[in-house]
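Note sheet for the following structure.
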Amino acid sequence: MKTLKIAIQKSGRLNEKSVEILKNCGLSFENYKSSLISTVTNFPLEILFLRDDDIPEYVQDGIADLGIVGENVIVETGAQVTYLQKLGFGKCTLKIAIPNESQITEVAQLAGKAIATSYPLILEKYLKENNVEAEVRTISGSVEIGPGLGLSDAICDIVSTGGTLKSNGLKPFSEVMKSEAVLIGKEGSDLLPEVQELLQRIRSVLRAKETKYVVLNVAKSNLKNVVDLLPGVKSPTVVPLFDDEWVAVHSVIAEHDFWEKINALKAAGAEGIVVMPIEKIIS
Ligand code: ATP
Ligand code: ZN
């Protein structure tokens, strides 16, 4: 088997979740903070720990076969890579923000203005799509102080809670791009059997995260009503109880409407509801 290399962020916002998803795939490796490379002992894989900005190009050039990195960084580097799987963490939004007192209300009004950003390529693409000619000023960090220093009229940066904007007298104005962490591969790498295997494991971990395992008791007279609420992977399992008027039902339910479903089950006669996390769902 070919030994694959996967590049993940060495430290920062994506490191912990990247390590976690690989460990949840059953991969055993040491996560030494000091080392640049770690060998997985039970899968033909080496993990490279890098700065996130370098990951797309390393994957494009084949130094790593795979990588985990934010979409914002992939687009900004312009690297030619294949998107294999969105990973559901590292979610953020790139926004244009303007000073609180600014009179700007439409994107067109940014024409002729200076916008400070660490994402010049993404911003230029956005301005072009909106037919706006503005001056893009590239700064590597602390972009939000630009307007206060008289360096720019607006900024384009990652906004999560908006707290940093607020403390710098800025307000969000328009959304440029949404981003989350994705698994990327060198073009054509998705055809390798080792990549297919890893991808299948990652998808089973992601699927399991979206669902919970439930076990509940219900009187046989209410069974139909309860089962109608539960899909299961195929259909729910119904097990007899010692009291033959009652049964236990085992099923899976989705995380996104968890409480609505639990309340509906209770109303339909479910009792003693036990909910458990699922580690993997393999299909
Ligand atoms: P490195 O040292 O690897 O270059 P960095 O300082 O560039 O790290 P981090 O701040 O760790 O990067 O962010 C990594 C990625 O996390 C971002 O590129 C983005 O995709 C994502 N992210 C999620 N939420 C946020 C946020 N609130 N602010 C910044 N990035 C975020
Ligand atoms: Zn970075």
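The values are calculated or read from the model by the stated rules, or taken from the named source; none is laboratory data. All values reported here derive from a predicted model rather than from experimental measurement. For neighbour counting, all protein chains shown are included, and Cβ atoms are generated from backbone atoms with ideal geometry for every residue, glycine included.
Structure notes:
- Among (1) modelled with pLDDT under 95; (2) buried (at least 19 other Cβ atoms within 10 Å of the Cβ) - the single one N31 does not satisfy: (2)
- Checklist (1) away from ligand 2 (no atom under 13 Å from the Cβ); (2) surrounded by fewer than 20 Cβ atoms within 10 Å (Cβ to Cβ); (3) closer than 26 Å to V159 by Cα; (4) not aromatic (F, W, Y) applied to T77, failing item: (1)
- Check on K171, among the charged types (D, E, K, R) and assigned by TED's automatic domain parsing to the domain that holds Y58: no
- Here K91 meets each of (1) within 30 Å of I202 (Cα to Cα); (2) buried (at least 16 other Cβ atoms within 10 Å of the Cβ); (3) of a type in the set (K, R) with one exception, condition (2).
- Residue match in the stretch 4-23 (condition: in a loop (DSSP other than H, G, I, E, B), closer than 30 Å to T164 by Cα and either touching a residue at least 60 places away in the same chain (Cβ under 8 Å) or in the same structural domain as I155 (by TED's automatic domain parsing) (or both)): yes
- Hits in the stretch 139-172 - residues which are of a type in the set (V, I, T) and either under 20 Å from L127 (Cβ atoms) or within 25 Å of the chain's Cα centre (by Cα) (or both): I139, V143, I155, I158, V159, T161, T164
- Conditions (1) within 13 Å of ligand 1 (Cβ to nearest atom); (2) assigned to a helix (DSSP H, G or I); (3) surrounded by fewer than 18 Cβ atoms within 10 Å (Cβ to Cβ); number of the one not met by S221: (1)
- Qualifying residue in the stretch 225-245 (condition: aromatic (F, W, Y), outside any loop (DSSP other than H, G, I, E, B) and not assigned by TED's automatic domain parsing to the domain that holds L22): no
- Meets criteria (of a type in the set (S, T, N, Q) and part of a helix (DSSP H, G or I)) for T164: yes
- Scanning the stretch 138-158 for residues that are more than 16 Å from ligand 2 (Cβ to nearest atom) and in a loop (DSSP other than H, G, I, E, B) returns G146, P147, G148, L149, G150, L151, S152, D153.
- Residue within the stretch 129-145 that is at pLDDT below 95 and of a type in the set (K, R) present: no
- When the stretch 24-49 is limited to residues that are part of a strand (DSSP E or B) and away from ligand 2 (no atom under 16 Å from the Cβ), the one that is nearest to P193 (Cα to Cα) turns out to be L45.
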